[in-house]
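The values are calculated or read from the model by the stated rules, or taken from the named source; none is laboratory data. Predicted, not measured: the structure shown is a model, and the values here were computed from it. Neighbour counts are summed over all protein chains in view; Cβ atoms, including those assigned to glycine, are modelled from backbone coordinates with ideal geometry. We work out accessible area using only protein heavy atoms, side chains counted, and drop any ligands, DNA or RNA first. Shrake-Rupley method; radii C 1.70, N 1.55, O 1.52, S 1.80 Å.
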Amino acid sequence: MTKKSKSAANEAFIPTMRELARAYQAFADYSAKHIRELNLTPSQFDVIATLGNTNGMSMSDLAEKTLVTKGTLTGIIDRLEKKDIVARIVPPENRRSFTIVLTPEGEKVFNIVFPAHVAYLKERFDRLSVRELEKTRRALETLRKIF
């Protein structure tokens, strides 16, 4: 190991960075397991949860508000459309664009899976006090803002 690489490995933020990655992976694995039990992929759930309680949104807005890249989003929307969960609506005032909306079937799916998944996650988050939740939220917000 060179002096530079040894110095880099000893940076004070490295343990925090590793713990952040481990925490995210543990959360993602725990969440994805339940979402798969609901017969959805995590990306499909993300889209359905984001569209829920809205009048729909453009592909750009949907990509921005979800954890899904724009390139992947088209395929997800295609698959959800085939399942009659979402529809592409062309607004009369701008026929060059479209809005993604939940169909009536999609609304039913949202009204089942979203509360079920929140309850599933709540079982774990309830292990933290309100004070611990707020402290964690503030720390994560601080980290996000530095990037």
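Only one of (1) acidic (Asp, Glu); (2) farther than 27 Å from Arg144 by Cβ; (3) within 16 Å of the chain's Cα centre (by Cα) is not met by Asp78, so which one is it?
All conditions are met except number (3).
Restricting to the range 128-146, name every residue that is open to solvent by 100 Å² or more (accessible area, probe 1.4 Å) and either under 16 Å from Leu20 (Cα atoms) or of a type in the set (Asp, Glu) (or both).
Residues satisfying the conditions are Lys135, Arg137, Arg138, Arg144, Lys145, Ile146.
Does Arg124 qualify as being charged (D, E, K, R), open to solvent by 100 Å² or more (accessible area, probe 1.4 Å), within 25 Å of Lys33 (Cα to Cα) and in contact (Cβ under 8 Å) with a residue 40 or more places away in the chain?
When the stated conditions are applied, Arg124 passes them.
Taking the stated definitions as given, is Glu19 modelled with pLDDT under 95 and either farther than 17 Å from Tyr120 by Cα or under 13 Å from the mean Cα position of the chain (by Cα) (or both)?
no
Cβ-Cβ below 7 Å, separation at least six or inter-chain, first residue in the range 38-52 and closer than 16 Å to Asp84 by Cα, second open to solvent by less than 30 Å² (accessible area, probe 1.4 Å) and among the small types (Gly, Ala, Ser): which pairs?
Partner pairs satisfying both residue conditions: Ile48/Gly106.
What pairs come out if I take residues in the range 78-103 that are within 17 Å of Asn53 (Cβ to Cβ) and pair them with residues that are among the acidic types (Asp, Glu) and assigned to a helix (DSSP H, G or I) whose C-beta lies under 8 Å away, six or more apart or interchain?
These pairs meet every condition: Ile85/Glu105; Ala87/Glu81.
Please report, ordered by residue number, the helices (runs of 4 or more DSSP H) entirely within the range 2-119 with at least 3 residues that are surrounded by 14 or more Cβ atoms within 10 Å (Cβ to Cβ) and not aromatic (Phe, Trp, Tyr).
In the range 2-119, 14-37, 42-51, 59-65, 70-82 are the helices (runs of 4 or more DSSP H) which contain 3 or more residues that are surrounded by 14 or more Cβ atoms within 10 Å (Cβ to Cβ) and not aromatic (Phe, Trp, Tyr).
Kindly indicate whether Leu40 is of a type in the set (A, V, I, L, M) and closer than 19 Å to Glu107 by Cα.
When the stated conditions are applied, Leu40 passes them.
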